[in-house]
Amino acid sequence: MHKLLGITLAALLLAACGAEQPNSSGPHAAAEPAERYEWKLVTSWPKNFPGLGTAPENFAKLVERLSAGRLTIKVFGAGQLVPALEGFDAVSQGVAEMGHDGAYYWKGKTPAAPFFTTLPFGLNAQEMNGWLHYGGGMELWRELYAPFNLVPFAGGNTGVQMAGWFNREINSIDDLKGLKMRIPGLGGEVFSRAGGTAVSMAGGEIYTAMQTGVIDATEWVGPYNDLAFGFHQIAQYYYYPGWQEPGPTLEFIVNKQAFDALPADLQAIIEVASRAINQDMLDEYTARNNAALTELVEQHGVDLRPLPDDVLRELARISAEVVEELASQDPFVRRVADSINAFKAQSMQYHQISEEAYYRARKLD
Ligand code: CA
């Protein structure tokens, strides 16, 4: 698998550098007529939504190029083929061959699912990629999804998110009490234990829910995406950092029979194209978030605030409690939580003298 991955990554790099791809008159066409595959991909995002929604579109284009048109993938936005949060069942049952979404939407299917998106106060994007691809995470993920007839791949990372949009100042943990907030995954569990009410809803429903008072607060992603949804029009305070989603991994899910039916080279293309898109999304957010934040603050008058340390400390304490409780109830969650916690401990240790030390060093006068 690794050898195959290396070869196809080289092809991918050529593609990324703009090298000419074989076309219908190229050397590949000389081989026997290849079977063509037409797949459907359902997503949890509005069609072409910046970053989240463009990632599966870019994936489909890349797969088509790498396969010289042998595998084409039609991307459906939320609600176009199935509702935003029903991709798991749709792909599991073969209604679509693929999906693009967040594993934490599926915590009702299997309690370990959210751990493959993000843990509150867990791994950042760089660390999630390290854990998944070199720390045993992907093996656990495949094991978890196998009974559901699904093959998972990492499908993007937003980097550290924002804590969210509020119309109330958050000065102490008590200020969270009574708030109804859109906050999915384990962050939502933590928020509820801190005295709020957590609601999970697809991104496209948030604006109206905030506007009509169905919810009081929301988190979504970060400046680039939040600006696109216009949350500055309905909320005054924009809090950071995104303790609830420090490095969320999105997922591509593939129906197992559909994947198994592909020849080995097309399977490898799925694997490396998802790996490329996984990194590409982080690159895009890294490039665009600050300009969007500047626009939110300077043009739209958003009140940008840090969560107080005492609030973060209490949320971190509850987060550890939630993870431990879930692990004690389910042996598979225990394995995943132990794996993530061990990875976090070693990367925190090393990052003290690498990332953290360097962030400090470049700010010295
Ligand atoms: Ca989020």
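The values are calculated or read from the model by the stated rules, or taken from the named source; none is laboratory data. Since the structure is predicted, the reported quantities are computational estimates derived from the model, not experimental observations. Cβ coordinates were reconstructed from backbone atoms using ideal geometry, including for glycine residues, and neighbour counts include every protein chain displayed. All accessible areas refer to the heavy atoms of the entire protein, side chains included, with ligands and DNA or RNA removed. Shrake-Rupley method; radii C 1.70, N 1.55, O 1.52, S 1.80 Å.
Computed over the alpha carbons of the chain, Rg followed by Dmax gives 20.9, 70 Å. Counting helices only, and only those DSSP H runs with n ≥ 4, report the 222 nm mean residue ellipticity of the chain as the sum of -39,500 (n - 2.57) divided by its residues, in deg cm²/dmol to the nearest 500. Computed mean residue ellipticity for the chain: -14000 deg cm²/dmol. The slack in the chain from K74 to L312, taken as 0.36 nm per residue of separation less the alpha-carbon distance, amounts to 81.5 nm.
Remark on L304: its backbone amide H falls under 5 Å from those of Y238, a criterion applied only to residues 5 or more positions apart or on other chains, H modelled at 1.01 Å from N. Antiparallel beta bridges, as assigned by DSSP with both residues in region 129-258, represent about 65 percent of the total such bridges. Computed from point charges on the beta carbon alone (+1 for Lys and Arg, -1 for Asp and Glu), the dipole magnitude for region 47-155 about its Cα centre is near 240 Debye. With both bridge residues required to lie in the chain, what share of the DSSP beta bridges run antiparallel, to the nearest 5%? So the antiparallel bridges in the chain amount to around 45 percent. Of E298, E64, E219, E97, the residue with the largest accessible area leads and the full order is E298, E64, E97, E219 (1.4 Å probe).
For the set K177/K363; K107/K363; K47/K256, the pairs lying more than 30 angstrom apart at their alpha carbons are K177/K363; K107/K363. Remark on L71: its backbone amide H falls under 5 Å from those of Y37, a criterion applied only to residues 5 or more positions apart or on other chains, H modelled at 1.01 Å from N. For region 96-136, with all protein chains in place and a probe radius of 1.4 Å, 50% of the accessible heavy-atom surface sits on carbon or sulfur.
For A342 and Q299, the FRET efficiency from 1/(1 + (r/R0)^6), where r spans their Cβ atoms and R0 equals 56 Å, is about 0.80. Extension gain for K177 to Y350 (0.36 nm times residue separation, less C-alpha to C-alpha distance): 58.6 nm.
Across the chain, the longest run free of exposed loop sites, meaning trypsin sites (Lys or Arg not before Pro) lying outside DSSP classes H, G, I, E and B with no more than 12 other Cβ atoms within 10 Å, spans 178-361. Full extension of the chain between E324 and A146 gives 61.6 nm of extra length, using 0.36 nm per residue less the Cα-Cα distance. Between G164 and Y239, the built amide H atoms are under 5 Å apart, and every one of these is 5 or more places off in sequence or on another chain. With respect to the chain, whose longest principal axis is taken over its alpha-carbon atoms, helix 125-134 is tilted by about 40°.
With a 1.4 Å probe rolled over the protein heavy atoms of all chains, the accessible area of E143, E245 falls in the order E143, E245, largest first.
Placing unit charges on the Cβ atoms only, positive for Lys and Arg and negative for Asp and Glu, gives the chain a dipole magnitude near 300 debye about its Cα centre. Residue by residue, region 345-357 carries 3J(HN,Hα) couplings of 4, 6, 6, 5, 4, 5, 5, 4, 9, 10, 4, 4, 5 Hz when phi is fed to the Karplus relation 6.51 cos²θ - 1.76 cosθ + 1.60 (θ = phi - 60°); x denotes Gly or Pro.
List the relative contact order of the chain as a percent without decimals, with contacts defined as Cα pairs under 8 Å and 6+ residues apart. The normalised contact order for the chain reaches 22 percent.
Qualifying chymotrypsin sites (Phe, Trp or Tyr not before Pro) in region 206-289, where qualification requires a DSSP coil assignment and no more than 12 other C-beta atoms within 10 Å, are lacking entirely.
Couplings for region 162-169, taken from phi via the Karplus curve 6.51 cos²θ - 1.76 cosθ + 1.60 with θ = phi - 60°, read 9, 5, x, 9, 9, 10, 9, 5 Hz in order; Gly and Pro are left as x. Each residue of region 318-332 was assigned a 3J(HN,Hα) from its phi angle through the Karplus expression (A = 6.51, B = -1.76, C = 1.60, θ = phi - 60°), giving 5, 4, 4, 5, 5, 4, 5, 5, 4, 5, 6, 9, 8, x, 6 Hz with x at Gly and Pro. Across the accessible surface of region 189-231, with the other protein chains kept in place and a 1.4 Å probe, carbon and sulfur atoms take up 48 percent.
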